[in-house]
1. Hey, can you grab everything whose amide H is under 5 Å from the amide H of HIS252? Only 5+ residues off in sequence or another chain; H modelled, so Pro and N-termini drop out.
2. Just need log10 I(q)/I(0) for region 196-268 at q = 0.18, 0.22, 0.24 Å⁻¹, Debye formula, equal scatterers on the alpha-carbon atoms, no solvent, rounded to two decimals.
3. Counting Lys and Arg as +1 and Asp and Glu as -1, what is the net charge of the other residues whose Cβ lies under 10 Å from the Cβ of PHE192?
4. Need the full-extension length gain, ASP175 to PHE55, defined as separation in residues times 0.36 nm minus the C-alpha distance. One decimal, nm.
5. Between their Cα atoms, which of LYS91/LYS190; LYS126/LYS156; LYS56/LYS91; LYS173/LYS233 are more than 27 Å away from each other?
6. Can you tell me how much longer the chain between ASN77 and GLN161 gets when fully stretched, taken as 0.36 nm per residue apart minus their C-alpha distance, in nm with one decimal?
7. Within 12 Å, Cβ to Cβ, of GLN258, how many net charges do the neighbouring residues add up to if Lys/Arg are +1 and Asp/Glu are -1?
8. Can you tell me the alpha carbon radius of gyration of region 127-283 divided by the globular rule-of-thumb value 2.2 N^0.38 Å?
Amino acid sequence: MRATPTPDLMLEPAFDAAGSGRDAIGASSLANKGLNTRHGTILTLEEINVSFDGFKALSNLTLYIGVGELRCIIGPNGAGKTTMMDVITGKTRPDNGVAYFGETLDLTQMSEVAIAQSGIGRKFQKPTVFEALSVFENLELAQKTNKSVWASLRAKLSGEQQDRIDEVLQTIKLDNSRQRPAGLLSHGQKQFLEIGMLLVQDPQLLLLDEPVAGMTDAETEFTAELFKSLARKHSLMVVEHDMGFVGSIADHVTVLHQGSVLAEGSLEQVQNDERVIEVYLGR
Ligand SMILES: Nc1ncnc2c1ncn2[C@@H]1O[C@H](COP(=O)(O)OP(=O)(O)OP(=O)(O)O)[C@@H](O)[C@H]1O
Ligand SMILES: [Mg+2]
């Protein structure tokens with residue numbers, strides 16, 4: 001559970017290197033570096049409620065992600081997993097509840113763009129790469145999301161930016177395909193490119209919704225290695241139905257059901273939880 005602030009920690013002066021949360025928004029790299037995670041928690045969701053026409057998609061959802069953690073979220077269809085990511089990224093506003101990135105950034109008050117710029121990267125299930133552009137150009141564009149496509153391509157990359165793209169190309173194993181049009185990549189490679197497009201922005205928290213759906217076994221294995229290598233430096237929240245994959249990466253699993261947390265623990269613990277078995281068998 002959460003690293004709840006202990007009383008002595010709470011006596012610390014409320015110092016925030018990036019200034020107030022609001023000040024930090026917008027200056028992306030600065031906000032990133034200045035994100036206040038003093039208590040070791042990068043994401044706080046408390047008592048979140050979301051309803052759609054009276055249907056409760058999230059119901060008093062409370063969940064904390066630690067800095068550098070690799071958390072897997074499982075749960076039956078309709079449990080609210082994607083809706084939770086929609087709340088974190090500002091796509092859906094909760095009816096009520098608390099959602100903080102670090103200690104000071106109130107996600108319920110920020111625009112989707114400001115949330116992305118503050119260091120939360122999200123990958124949707126369907127790859128959304130620019131098919132006509134090369135792998136390299138896709139990464140280049142992602143690095144400069146605040147410019148128009150052509151202005152971005154014309155602007156010269158700094159040495160540091162170039163190095164970061166090279167580093168990411170190696171991380172996602174696409175360094176030999178850097179000049180290939182993205183449209184010619186396999187489905188799995190497009191998924192890796194999209195992860196790369198997040199990585200060049202150096203997000204502190206990565207949200208990945210069903211990342212291995214449609215991947216080959218080899219691609220799934222590589223994704224597991226990739227995520228494990230990203231943890232610690234980044235915090236990851238991974239929604240996945242593939243239990244083999246979850247077992248290979250997760251040290252901590254949260255089970256969602258009917259918009260709330262049903263169980264939390266190691267995969268083995270939650271798989272042996274009577275309530276979890278009931279929910280999955282009764283599916
Ligand atoms: N925009 C919306 N309008 C109405 N209902 C919605 C909306 N978005 C989600 N829902 C409903 O909220 C519930 C939770 O949906 P959500 O997509 O979050 O589930 P999920 O856990 O991601 O499921 P899956 O494993 O199938 O992806 C579902 O019953 C869904 O039909
Ligand atoms: Mg979903």
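Throughout, read-outs are computed from the coordinates displayed, never taken from laboratory work. Note that the structure is predicted; figures quoted are calculated from it, not measured. Reconstructed Cβ throughout: ideal geometry from the backbone, glycine too, with neighbour counts over all protein chains shown.
1. CYS72
2. For the requested q values the scattering log ratios are -0.76, -1.10, -1.24.
3. Result for the local shell: 0.
4. Roughly 38.5 nm would be gained on extension.
5. LYS126/LYS156
6. 26.3 nm
7. +3
8. That works out to 1.20 for region 127-283.
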